[in-house]
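Engineer: Mind having a look at this structure? Questions to follow.
Only the coordinates and a few stated rules stand behind these numbers; no lab work does. Being a predicted model, the structure only gives us computed values, none of them experimental. Here the Cβ positions follow ideal geometry from the backbone for every residue, glycine too, while neighbour counts run over all protein chains shown.
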Amino acid sequence: MEAEPMIIAPHNIEQLREEFPLLHQKVNGSPLIYLDNAATTQKPLYVIESITNYYTGYNANIHRGVHHLANLATDAFEKARNKVKRFISASTDSEIIFTSGTTDAINLVAQTFGKSTLQKGDEILLSVMEHHSNIVPWQMVAESTGAKIRVIPITSSGEWDLSALDTLIGERTRIVAVNHVSNALGTINPVKILIDKAHIAGAKVLIDGAQAIAHIPVHVGYLDCDFYCFSGHKMYGPTGTGVLYGKKELLEMMPPYRGGGEMIETVSFENTTFNRLPHKFEAGTPNIEGVIALGAAIEFIEQLGWEWMNEQEELLLQAATEMLHSIEGVKIYGTSKHKVPVVSFLAEGIHPYDLGTLLDKQGIAVRTGHHCTQPLWDWYKISGTLRASFSVYNNLEEIGIFKQALLKAISLLK
Amino acid sequence: MKMGIEEKQQEVIDEFGVFSDWMQKYEYIIELGKELPLIDEKYKTDDHLIRGCQSRVWLNAAMDESGVILFTADSDAIITKGLIALVIRVLSGEKPTDIVGADLHFVKDIGLQEHLSPTRSNGLASMIKQMKIYALAMGRLPA
Ligand SMILES: Cc1ncc(COP(=O)(O)O)c(C=O)c1O
């Protein structure tokens, strides 16, 4: 008989909160209300313990020893790769490259695929709502290859203006790089439509999934994107971990990125040959405990299940949206019907820094500022917003306290 | 007799001593921020801008005939502006050498040191640095 699976992610918010030790603390004398989940999520015990277990039980370098511990560690590391593969429905483990995060993954593609294929006059298509991490790497490669950057405009609700696509995608379009979900607005973008259009024009598509991966099921096979990137720390996993998914035939033709150990097959001073995928792109000793813990984070998400998570998150999004609408002078930026639980907003006549400071005094953690999307705020002609971003462990009671804290702060600042 | 930097700091510390919670403290800072027309509009240019990532601060310094420096400043965030008002009250009207050597311990003493941490990126810490740089430069000018 098979043993009952261990409960690591209970379907009860109070019990679930018990899995996140960090949540139970006071900040400035009030119970912490953590609403900065889009920046990074907190970590459940199951993930934290996977790191402790690694260091107390089987820490060893991977892929190179014959000894017992090296085998255990290598096994756990490669199992995590397989979990990622299943989680995003890639076709083989060798399409999963571990990186230090989304930023690292995008830079990898820009510096290898981008640099080796782009020519003067070629076009890279981004959108107004990209994170700086999905702008700057492309500017750097555009600078060195002579390629040009074009930008998908948005509508006032914070959605792509799809009517512009047909003029923006043309025969010079080589790379399209856009986010799946906007970190600043919460919009879930219709990436499938864009991917199909880009492919008809012969372009390759990279999807920045940093904000999607914890909120919506991702199926790279269905999307048919060429690259998909995300960070472990935004999905209950550790910092310093990330994934680049790439279609195998593209990864095969791309030159290596960083040189070093792990990524080679043979080295001599005359001629070095490179390792096979995925190791070709993983130079040096990787973040072993991080990758193993990322695997644990995937198990955690899978046990929660998308259906339950999405139901909770939809409730939170609705409640937060209604709450903000009920306060006079508050304006929400990003009003698409398709959103993850993120609300970006401003209170009339009040600087976000002031409001954020007074919320912090009341134990509430929100993000203020430009959220690394300055071109987006230039488009809206503001300098930034306050952003409250929710996760499965937030509850409606917290939204009630958030409202009281906001009212208090606004009345002080008015 | 005119108060020096140390006396002015002590005065601010005494004023804050009566507040029993953060609300009262911030109410007062916000009041200070609202009250002061801090800088002439003509100085609100990029030349006078100190970039904190989140709130912007403009600073101007001028030396009067008696050899003391008069600071004016402004910010787009009201809490930053209130804190600026306090710093200006302490440093403005002082001699360059006194400004350069000043230890602004009052910020910590009134429990607002978090606003000087670089992660707040509100421009206050950079403003104080800039004030000292002005003082250093102006102290070298022939009076
Ligand atoms: C949409 C988006 N892209 C990229 C990133 C960069 O992720 P990381 O800092 O983990 O590399 C973020 C993180 O804030 C993000 O929200």
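Engineer: Given a cut-off of 17 Å, what percent of all Cα-Cα pairs of region A:214-277 lie beyond it?
Structural biologist: Numbers: 1167 of 2016 pairs.
Cα-Cα pairs of region A:214-277 separated by over 17 Å account for 58 percent.
Engineer: Pull out the extension gain between A:Glu49 and A:Leu396, defined as 0.36 nm times the separation in residues minus the alpha carbon to alpha carbon distance; nm, one decimal. Intermediate values should be presented prior to the final figure.
Structural biologist: Working: separation 347, 0.36 × 347 = 124.92 nm, distance 2.86 nm.
Length gained, A:Glu49 through A:Leu396: 122.1 nm.
Engineer: Please report the projected area of region A:312-357's Cα convex hull averaged over all directions, in nm².
Structural biologist: Working: hull surface 13.9 nm².
Value for region A:312-357: 3.5 nm².
Engineer: Looking at region A:332-362, which trypsin sites (Lys or Arg not before Pro) are in a loop (DSSP not H, G, I, E or B) and have at most 14 other Cβ atoms within 10 Å? Walk me through the numbers before you get to the answer.
Structural biologist: Numbers: sites: A:Lys337, A:Lys339, A:Lys361; in loops: A:Lys337, A:Lys361.
Here the trypsin sites (Lys or Arg not before Pro) that fit, given the DSSP loop and packing criteria, are A:Lys337.
Engineer: If you don't mind, another one. State which entries of B:Lys44/B:Lys132; B:Lys81/B:Lys132; A:Lys83/A:Lys337 exceed 27 angstrom in Cα-Cα distance in the structure shown.
Structural biologist: The pairs that break the limit, which is 27 Å between Cα atoms, are A:Lys83/A:Lys337.
Engineer: Longer than 27 Å from Cα to Cα, which of A:Lys43/A:Lys414; A:Lys197/A:Lys331; A:Lys115/A:Lys339; B:Lys2/B:Lys108; A:Lys85/A:Lys148 are they? Say none if no pair is.
Structural biologist: A:Lys43/A:Lys414; A:Lys197/A:Lys331; A:Lys115/A:Lys339; A:Lys85/A:Lys148
Engineer: If you don't mind, there's one more thing I want to ask. Roughly how many debye, to the nearest 20, is the charge dipole of the protein assembly as shown about its Cα centre, given +1 on each Lys and Arg Cβ, -1 on each Asp and Glu Cβ, and no other charges?
Structural biologist: The calculation lands at about 1000 debye.
Engineer: Here is a further query. Loop only by DSSP, 11 or fewer other Cβ within 10 Å of the Cβ. Give me the chymotrypsin sites (Phe, Trp or Tyr not before Pro) in region B:47-143 that pass, ordered by residue number.
Structural biologist: In loop regions of region B:47-143 (DSSP not H, G, I, E or B), there are no sparsely surrounded chymotrypsin sites (Phe, Trp or Tyr not before Pro).
Engineer: Another question, if that's okay. What do the square roots of 5 times the Cα gyration tensor eigenvalues come to for region A:282-414, in whole Å, largest first, as semi-axes of the equivalent ellipsoid?
Structural biologist: On the way: eigenvalues 185, 76, 46 Å².
Over the Cα atoms of region A:282-414, the semi-axes work out to 30, 20, 15 Å.
Engineer: Putting +1 on Lys and Arg Cβ atoms and -1 on Asp and Glu Cβ atoms, find which of A:Thr40, B:Asn60, A:Val340 reaches farthest to the positive end of the dipole of the protein assembly as shown.
Structural biologist: The one lying farthest along the dipole's positive direction is B:Asn60.
Engineer: Where the eigenvalues come from the Cα gyration tensor of region A:51-302, what are the semi-axes √(5λ) of the equivalent ellipsoid, largest first, in whole Å?
Structural biologist: 32, 22, 14
Engineer: Please state, rounded to one decimal and in Å, the Kirkwood hydrodynamic radius that region A:75-212 gives when every pair of distinct Cα atoms enters the mean of 1/r.
Structural biologist: 15.7 Å
Engineer: If you don't mind, another one. Considering only DSSP beta bridges whose two residues both sit in the protein assembly as shown, what percent are antiparallel, to the nearest 5?
Structural biologist: 65 percent
Engineer: Roughly how many whole Å is it from the C-alpha centroid of region A:275-345 to that of region B:19-93?
Structural biologist: 40 Å
Engineer: Could you work out, for the protein assembly as shown, what percent of all Cα-Cα pairs fall into each 10 Å distance bin, beginning at 0 Å and stopping at the bin that holds the largest distance?
Structural biologist: 3, 16, 23, 22, 18, 12, 5, 1, 0, 0
Engineer: Where does the Debye-calculated log10 I(q)/I(0) of region B:1-86 sit at q = 0.22 Å⁻¹, using only Cα point scatterers of equal weight, no solvent?
Structural biologist: -1.14
Engineer: So, counting K/R as plus one and D/E as minus one, what does the shell of residues with Cβ under 13 Å around A:Leu162 add up to? Kindly include the intermediate steps, with their values, before the conclusion.
Structural biologist: On the way: positive: A:Lys192, A:Lys197; negative: A:Glu159, A:Asp161, A:Asp166, A:Asp196.
Computed value for this residue: -2.
Engineer: Could you tell me which chymotrypsin sites (Phe, Trp or Tyr not before Pro) in region A:213-280 are loop residues by DSSP with no more than 11 other beta carbons within 10 angstrom of their beta carbon?
Structural biologist: A:Phe269
Engineer: Between A:Thr239 and A:Ile149, how many nm apart are label points set 7 Å from Cα along the C-beta direction?
Structural biologist: With each label point 7 Å from Cα toward Cβ, the separation is 2.5 nm.
Engineer: Note the full-extension length gain between A:Gln25 and A:Ala60 as 0.36 nm times their separation in residues minus their Cα-Cα distance, in nm to one decimal.
Structural biologist: 9.1 nm
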